[in-house]
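Okay, structure first, notes after.
Taken together, the values in this text are just the output of simple stated rules run on the coordinates, not laboratory data. Worth saying up front: this structure is predicted, and the values here are computed from it rather than measured. With ideal geometry, Cβ positions are generated from the backbone for all residues, glycine too; neighbour counts draw on all protein chains shown.
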Amino acid sequence: MTVATAINLALVLMCLLVMVQAIRMDRRIRALRDGHLDQAVEKLDHATQQARIVLSDLKRVLSTDAAAQGEIILSAREMRDELSVMVGVGNSVAERIVDAADKARAVEAGVRRRSTRWREEADAVLRADEATRLVPAAPQAPAVDEARDLSSIVFDLTSKRGNRVA
């Protein structure tokens with residue numbers, strides 16, 4: 001067998017394959033023409049109409065919801081600003097309370113120191129009074145010492161301190 005014969009046989013085989021494929025395509029085109037094309041077009045048209053309805057509903061929902069969400073976001077921002085101001089006020093009040101408590105503790109500690117000093121001074125005066133009572137004195141002295149009472153002791157203490165009462 002020559003090369004020309006081999007090429008002719010290959011060409012015949014290819015032509016047969018093309019004919020088979022053409023027959024298959026012809027059948028499919030006839031099936032589309034006979035009725036399947038009309039159904040396909042109707043289904044496609046129906047799907048397009050439904051898509052239009054869904055898109056219009058979606059546009060309507062998005063336009064109303066977007067406005068509502070915008071209002072909600074705006075009110076949330078206003079609340080956030082208001083709350084930040086309230087937190088600032090609360091923090092400053094808390095700082096004032098802490099400062100006042102610290103000052104009160106400092107004053108209380110000072111009062112305790114002053115009251116212990118005052119008690120020590122009062123005890124010293126009372127000891128001095130008892131010492132003068134125990135020591136025998138002139139007959140007139142006991143009468144003067146007996147007349148002395150608690151109010152005179154307090155008066156003596158306050159006059160020594162510069163008339164300050166702690």
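What percentages make up the Cα-Cα pair-distance distribution of the stretch 68-134 when the bins are 5 Å wide from 0?
4, 13, 8, 10, 7, 8, 7, 6, 7, 5, 5, 4, 4, 3, 3, 2, 2, 1, 1, 0
Tell me whether the stretch 1-87 comes out rounded, prolate or oblate; compute the Cα gyration tensor, take square roots of the eigenvalues as a ≥ b ≥ c, and use a/c under 1.5 as the rounded threshold.
Details: a/c = 13.91, a/b = 2.93, b/c = 4.75.
Oblate is the answer for the stretch 1-87, as a/c is 1.5 or above yet b/c matches or exceeds a/b.
Tabulate in residue order the Karplus-calculated ³J(HN,Hα) for the stretch 77-85, using 6.51 cos²θ - 1.76 cosθ + 1.60 with θ = phi - 60°, rounded to whole Hz; enter x for Gly and Pro.
Coupling constants for the stretch 77-85: 5, 4, 4, 4, 5, 5, 5, 5, 5 Hz.
Order by neighbour count: Thr132, Thr116, fewest other Cβ atoms within 10 Å first, most last.
Details: Thr132 14, Thr116 10.
Result, fewest neighbours first: Thr116, Thr132.
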